[in-house]
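Below: one structure, written as structure tokens.
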Amino acid sequence: MPYDRGMVVAIGAMVLRSVPPEQVVAQARELAPHVDEIWVVEDLPFAGGVSQAGSVLEATKDLPRPPLVGHGIAPAPFRNPAALAMEWATLARMHPGRFHGGIGHGVPEWMAQIGSNKASPLGLLAETITSTRALLRGQTVTVDGRYVHLDGISLQFPPDPPPMVSAGVAGPRSLAVAGRTADGTILSEGSGPADVETAWRHIETGRAEAQANGEAMVGPHRLTVFAGYYCGDLSVLPPRPEHLPPGWDAVGSEPAVVAALLQSLVDAGAESIVLVPFGPDVASQIELAATEIVPDLTR
């Protein structure tokens, strides 16, 4: 069945950015029977997020339980809100209720490489999320912001229902922006239970600010956590991959240990956990998660 926003806790898996584009669909189909969500990555200079998401949505649509597919995470500095809304609206109309979009700051070093660093990343994020969400909801948008400039733009084919738009952020002020402007928040790998609890406090601050300004968000705010994990012989575990930010991981020699660590994210307030495997044999990590880790999580 399509993704239901009333779901208490969803379990997802990430198609790693190291997977070549021609192999993305095959891996997604392997993951799909075992999870509620599949997330694709948009990191410079790897594969594009929109094209990956579209391929995965199409490849999994006929499964008995087709998963939600997430685009994680589109960098605001090189994503025009109108263009992004057009792409996401297309996916959302072709696969109703199955798409979730994420927007973030982008890695500063990567944004500098393409000449897209901005003086106010927070301002850009807020303007991009607000404009994209409004377009996806069928509104006519006119905004003359610091970075976003739209003059009477509306989508010819707005989706119904509109997809969720989450902010992929980490810092206190960015989390407050997420609470003020987005349908949800995505925490990156390295976020432990304490980070989840802290994030909720900043998100609620942003929601309270929006309410005080007469801009209260409609509906619940969904917290998704990308969780790095490894289960197996710890003596052969290599150094943490460079692309994973430093911080918390679910690492243990037994599936029950890893499951308990992931469960702590749920207990802290995560509403979706997206598993990000690492280690010497990613394929075996994915199989182990599906058969012995995910079934142990209380959802």
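The values are calculated or read from the model by the stated rules, or taken from the named source; none is laboratory data. Just so it is clear, the model here is predicted, and its values are computed rather than measured. Every residue, glycine as well, gets a Cβ built from its backbone with ideal geometry; the counts of neighbours run over all protein chains shown.
Condition first: under 27 Å from Ala176 (Cβ atoms) and buried (at least 18 other Cβ atoms within 10 Å of the Cβ). Now tell me which residues in segment 237-259 satisfy that.
Let us first name the residues in segment 237-259 that are under 27 Å from Ala176 (Cβ atoms), namely 243-249.
Those that are under 27 Å from Ala176 (Cβ atoms) and buried (at least 18 other Cβ atoms within 10 Å of the Cβ): Trp248, Asp249.
Working only within segment 68-83, note down all residues that are part of a helix (DSSP H, G or I) and either crowded, with 24+ Cβ neighbours inside 10 Å or without any contact (Cβ under 8 Å) to a residue 12 or more places away in the chain (or both).
Selection gives Ala76, Pro81, Ala83.
Residue count for segment 182-198 under the criterion of being assigned to a helix (DSSP H, G or I), touching a Gly at 6+ places or on another chain (Cβ under 8 Å) and surrounded by 16 or more Cβ atoms within 10 Å (Cβ to Cβ): the result is 2.
Listed here are the residues, each with its yes/no results for (1) under 29 Å from Glu109 (Cα atoms); (2) out of contact with any Gly (no Cβ under 9 Å at 6 or more places or on another chain).
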residue	(1), (2)
Leu16	yes, yes
Val40	yes, no
Phe78	yes, no
Met94	no, no
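Quick one: in segment 102-138, which of the residues that are polar (S, T, N, Q) and surrounded by 24 or more Cβ atoms within 10 Å (Cβ to Cβ) is farthest from Pro75 (Cα to Cα)? Steps first, please.
Taking segment 102-138 and keeping what is polar (S, T, N, Q), we get 113, 116-117, 120, 128, 130-132.
Subset that is surrounded by 24 or more Cβ atoms within 10 Å (Cβ to Cβ): 128, 131-132.
On the way: Thr128: 10, Ser131: 15, Thr132: 13 Å.
Within segment 102-138, the match that is farthest from Pro75 (Cα to Cα) is Ser131.
Of the residues making up segment 141-167, those that are under 20 Å from Leu91 (Cα atoms) and not hydrophobic (A, V, I, L, M, F, W, C) are Ser154, Gln156, Pro158, Pro159, Asp160, Pro161, Pro162, Pro163, Ser166. Pairing each residue of segment 275-299 that is aliphatic (A, V, I, L, M) with any residue that is modelled with pLDDT under 90, provided the two are 6+ apart or on different chains, yields C-beta distances under 6 Å for Ala290/His34. Scanning segment 202-236 for residues that are more than 19 Å from Asp183 (Cβ to Cβ), loosely packed, with under 15 Cβ neighbours inside 10 Å and aliphatic (A, V, I, L, M) turns up Ala212, Leu234, Val236.
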